[in-house]
């Protein structure tokens, strides 16, 4: 049989292109039920914009990565050409700088936008709200829109286009193209009622009928045994997946949990299995990534594959996925592997948890940073992760608990420099979160004389800023020279403070 036809949707395509191409272009969200054709329409629109000379920046929201900071943007960050930047926050700023400085050149195309992790959604908000970057989004109508995405909608920066299902005439046209003949009227009506006009469901109904031998050509047209087919997309997907062999199912489940998964994580003896999954339309290449990767062709595949797993089976597959991702040498993949492991009882080294907690904190996912920092201290409280925990709690506005943990951090400090760092972070919490600069000044002045020169160099610039906030304008005269040979945190703080001193007020 022929390839499954694609509904052109010229009316919707042209209307959206008009909005995106206009002199004052608007961002557009294609919204509708799962399988209605949002992603396909988005691909057609992207192709037209690419032909206009626009650069398409593709992003995919996945439920499996919704809790991983920058999980959705990881492929874009990896392909941004700034391999010299190891810090995830630096890579994000580099991406924002490139796209934000050329908003008319780029178009963000975000599939399943409500599933973006919080940090990726924040970057999207900045690009759309601040820089006016044109964006095309898709969203299932069953998904709640919240956070930065909701703010964009409330600020009327995104226009919503609701997509309806297929009409009876459209369904007939698609089925006739695929089957190569006229469909019997009763089969057409039954298929239309069973699919409820959903293109994905219609396709799956036909595929399931073909596997069961339920499609026959007769004197009065093509007949499809619709009565033998499932009534719901999820049931149809599950039935389709039942046709997978044991090794196909296992690899598909691994991809479902870790997706998108780099092709480098697929073993040589799994290549044929992956090819079969791709040929069956269960797996597809992500496309456009610097690290070639694959994912399941539709979110419903992932849901159907994972829901059937027991807790023990899920944990086993997660551990296997992490074992494949972490050695590849990419920071985001390493973090993804570690974050996945935290949902199991797997043993994770303190060093790995410390690294992951700092990574999450730098990425702005303070909730994940706090979770990782807590897990890193099951065997006892330690300075590094305790400092991350306190800072994350402060950022999350859990002020009372953050204050308690900061006292723990100060008590855990080993040496004057660690104590100074702890006091500086505590002071930032007290000054900026609790709005009590005088309290920070009083305590740090009392402890400053007990620290060595290096410890004092860390605290003095911060102290000067806090004193200024209390009205003490003479404080800046005590700031150390930013060119101090000591370097380190103290030199950085001093440089920032000295720069601030030269700004007219």
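All of the numbers you see were taken from the coordinates with simple rules; none came from a lab. Every value quoted in this text rests on a predicted model; they were computed, and no experiment measured them. Glycine also receives a Cβ, built like all others from the backbone with ideal geometry; neighbour counts cover every protein chain displayed.
The calculated FRET efficiency for residue 173 paired with residue 242, based on their beta-carbon distance and R0 = 35 Å, is about 0.70.
DSSP beta bridges confined to the chain are antiparallel in about 30 percent of cases.
Each of 359, 432 has some number of other Cβ atoms within 10 Å of its Cβ, and from fewest to most they run 432, 359.
Mean residue ellipticity at 222 nm, helices only, the chain: -16500 deg cm²/dmol; runs of at least 4 DSSP H residues each add -39,500 (n - 2.57), and the sum is divided by the number of residues. Given the choices (i) 23.6, 73; (ii) 27.8, 99; (iii) 23.3, 83, Rg and Dmax of the Cα atoms in Å derived from the coordinates of this structure is entry (ii). With Cα atoms defining each centre, the range 100-149 and the range 311-386 are spaced 27 Å apart in the structure. At full extension, residue 146 and residue 90 could sit 17.5 nm farther apart than now, given 0.36 nm per residue minus the alpha carbon distance.
As an equivalent ellipsoid, the range 16-59 spans semi-axes of 19, 13, 8 angstrom, where each value is the square root of five times an eigenvalue of the C-alpha gyration tensor, largest first.
Mean silhouette area of the range 310-416, derived from the convex hull of its C-alpha atoms and averaged over all directions, reads 7.6 nm². Normalised by 2.2 N^0.38 Å, where N is the number of residues, the C-alpha radius of gyration of the range 10-162 stands at 0.98.
Based only on other Cβ atoms within 10 Å, what is the fewest-to-most ordering of 336, 286, 278?
278, 286, 336
Residue exposure proxy: 170, 361, ordered by other Cβ atoms within 10 angstrom of their Cβ from fewest to most, comes out as 170, 361.
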